[in-house]
Amino acid sequence: MMTEQDFNIWEGVYENWDLAPADDDVFASDIWVDKISRQALKIFESYHSPDELPLNTSIHENALPLASAMLSLNDLEPLRVLDFGGGMGTGYLYLKTSLCAQKLIEYHIVEGEAICQRGKELFSSHPNLYFHQTLPSLPDPVHIIHLGSSLQYIENWNGLIGSFTSLKPRYLILTDVLAGDIKSFVTIQKFHGKKIRTHFKNLKEFLSAVEQLGFHLIFKSNYYTTICGKIGPLPMQNFDKKYQLEHACQLILEWIG
């Protein structure tokens, strides 16, 4: 019988994306969509509970609410956020709960078709939350573009970030980025019998590429990911030392053009 210690989250080292074997339908699968649905429903129910504060303590130091609170906006200007890979709206609820001022929030999520559909159903009473299957054209200004636990699953992550430059966001917030003082590589993440290609990046190389696109790093911190219900170092003992990342990171970059 396999124990938790025997199970490896990630396996294999590949020089590039195309060499890594994977199942391309994972993010549209019922298992993945149901997982995202359960997470969203739990937060949604907590948000609507009359005696709640726990939303603020369940975000594992996510910088999105704090950065939003620091923005100087007038009373009539909505806080406009684009959340790429934002699931079914948990980031929106974190903002609504965390911001003490009654700030207007216009929140846009880019996700797959099934998640967008369920998100629209769950949040039908929230007219300022929008779901898109492709990157939308948004009016100026776009204050924040956020990617949480999603960039590592994008083959052409550089091209994706480059596409954000047309929106000229004030801040780009990257949460749970698998990057650090390691050699860049691609591996396979195991998920209920499926294989998901995953980028691990050398942080200096990653930041150099992002800053060439017009973004300037203003904040970085460790980010401790929850894996198998536990928060702590990433379980990567099955990899050679040069590939072992102790923790993910969180980055805030300012658009300078």
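Does Leu207 satisfy being touching a Leu at 6+ places or on another chain (Cβ under 8 Å), assigned to a helix (DSSP H, G or I) and more than 17 Å from Tyr14 (Cβ to Cβ)? Reasoning before the result, please.
Numbers: touching a Leu at 6+ places or on another chain (Cβ under 8 Å): yes; assigned to a helix (DSSP H, G or I): yes; more than 17 Å from Tyr14 (Cβ to Cβ): yes.
Judged against the criteria, Leu207 is a match.
Could you list, in sequence order, the residues of region 33-46 that are under 21 Å from His192 (Cα atoms) and open to solvent by less than 30 Å² (accessible area, probe 1.4 Å)?
Val33, Ile36, Ser37, Ala40 - these are the residues of region 33-46 that are under 21 Å from His192 (Cα atoms) and open to solvent by less than 30 Å² (accessible area, probe 1.4 Å).
If a residue counts only when it is surrounded by 21 or more Cβ atoms within 10 Å (Cβ to Cβ) and of a type in the set (A, V, I, L, M), which strands (runs of 3 or more DSSP E) contained entirely in region 110-204 have at least 2 such residues?
Values: elements: 129-132, 144-148, 171-177, 185-191, 194-202.
Strands (runs of 3 or more DSSP E) meeting the threshold: 144-148, 171-177, 185-191.
When you scan region 217-250, how many residues do you find that are without any contact (Cβ under 8 Å) to a residue 12 or more places away in the chain and open to solvent by 20 Å² or more (accessible area, probe 1.4 Å)? Step through it out loud before you land on a result.
Initially, region 217-250 is screened for residues without any contact (Cβ under 8 Å) to a residue 12 or more places away in the chain, giving 229-230, 232, 237, 241.
So of that shortlist, the ones also open to solvent by 20 Å² or more (accessible area, probe 1.4 Å) come out as 229-230, 237, 241.
Qualifying residue count for the region: 4.
In a loop (DSSP other than H, G, I, E, B), of a type in the set (D, E, K, R) and modelled with pLDDT under 75, is that true of Asp23? Spell out how you get there, then give the answer.
Working: in a loop (DSSP other than H, G, I, E, B): yes; of a type in the set (D, E, K, R): yes; modelled with pLDDT under 75: no.
Here the answer is no, as Asp23 does not meet what is asked.
Sort through Leu53, Leu71 and tell me the only one that's among the aliphatic types (A, V, I, L, M) and either open to solvent by 40 Å² or more (accessible area, probe 1.4 Å) or at pLDDT below 65 (or both). Talk me through it step by step, then tell me what you get.
On the way: Leu71 fails: either open to solvent by 40 Å² or more (accessible area, probe 1.4 Å) or at pLDDT below 65 (or both).
So the residue among Leu53, Leu71 that is among the aliphatic types (A, V, I, L, M) and either open to solvent by 40 Å² or more (accessible area, probe 1.4 Å) or at pLDDT below 65 (or both) is Leu53.
When region 86-109 is examined, which residues are found to be charged (D, E, K, R) and either closer than 22 Å to Phe27 by Cα or outside any strand (DSSP E or B) (or both)? Write out each step before concluding.
Filtering region 86-109 down to residues charged (D, E, K, R) leaves 96, 103, 106.
Matches in region 86-109: Lys96, Lys103.
The values are calculated or read from the model by the stated rules, or taken from the named source; none is laboratory data. Everything quoted here is computed from the prediction, not taken from an experiment. Counting neighbours? That spans all protein chains shown, and the Cβs are built from the backbone with ideal geometry, glycine included. We work out accessible area using only protein heavy atoms, side chains counted, and drop any ligands, DNA or RNA first. Shrake-Rupley method; radii C 1.70, N 1.55, O 1.52, S 1.80 Å.
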